[in-house]
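Got a structure for you, questions after.
No value in this document is a laboratory result; all are computed from the given coordinates. Remember, it's a predicted structure, so these values are computed and weren't measured experimentally. Glycine also receives a Cβ, built like all others from the backbone with ideal geometry; neighbour counts cover every protein chain displayed.
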Amino acid sequence: MKAVKTLLGLCLCFALTGWQRDKVRDFMPGTYVNSAGGEFSIASDTLKVELVEGNNYQVLRSTGYNLISGGKVGPRERESEVWTCAYSQATKNLTELKKGKIISFFPEKEALAVGQRLYEKIN
């Protein structure tokens with residue numbers, strides 16, 4: 001009888017462990033924004049994080065910026081790129097596969113970081 005109870009207890013522990021969700025992974029998909037400005041430019045970045053399959057993600061980056069020259073703000077310019085990323089369950093980060101950028105997520109702050117740049121989640 002004791003062996004049966006022990007076995008049931010172990011099964012329950014394994015089942016509960018399997019049901020635990022990865023809170024960072026659940027938080028990751030969405031749109032994040034960042035704005036920055038200085039003496040020479042004004043910029044805004046948008047990152048859209050999407051699950052592709054398994055641990056593979058795609059980040060669509062759109063950047064709009066204005067160069068400042070002689071105190072005058074130039075026309076708005078735009079660039080976009082697609083990052084292919086892999087999720088590590090051990091580190092809870094995405095790694096961009098071409099240049100090795102690390103993307104860290106902070107669900108409690110509704111944010112992500114690429115290096116020192118912090119992005120706020122908007123949806």
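Roughly how compact is region 70-119, stated as its Cα Rg over 2.2 N^0.38 Å to two decimals?
1.55
If you don't mind, another one. Glu81: net charge of surrounding residues, Cβ under 13 Å, Lys/Arg +1, Asp/Glu -1, itself excluded?
Neighbourhood net charge equals +3.
Mark the label point 7 Å from the Cα of Ala111 along Cα→Cβ and return the residues of region 58-100 whose backbone N is within less than 19 Å of it.
Those under the cut-off are 92-94.
If you stretched the chain out fully between Asn55 and Glu120, how much longer would it get, using 0.36 nm times the residue separation minus the C-alpha to C-alpha distance?
Full extension from Asn55 to Glu120 adds 21.1 nm.
Working only with C-alpha atoms, what are the Rg and Dmax values of region 22-121, expressed in angstrom?
15.0, 50
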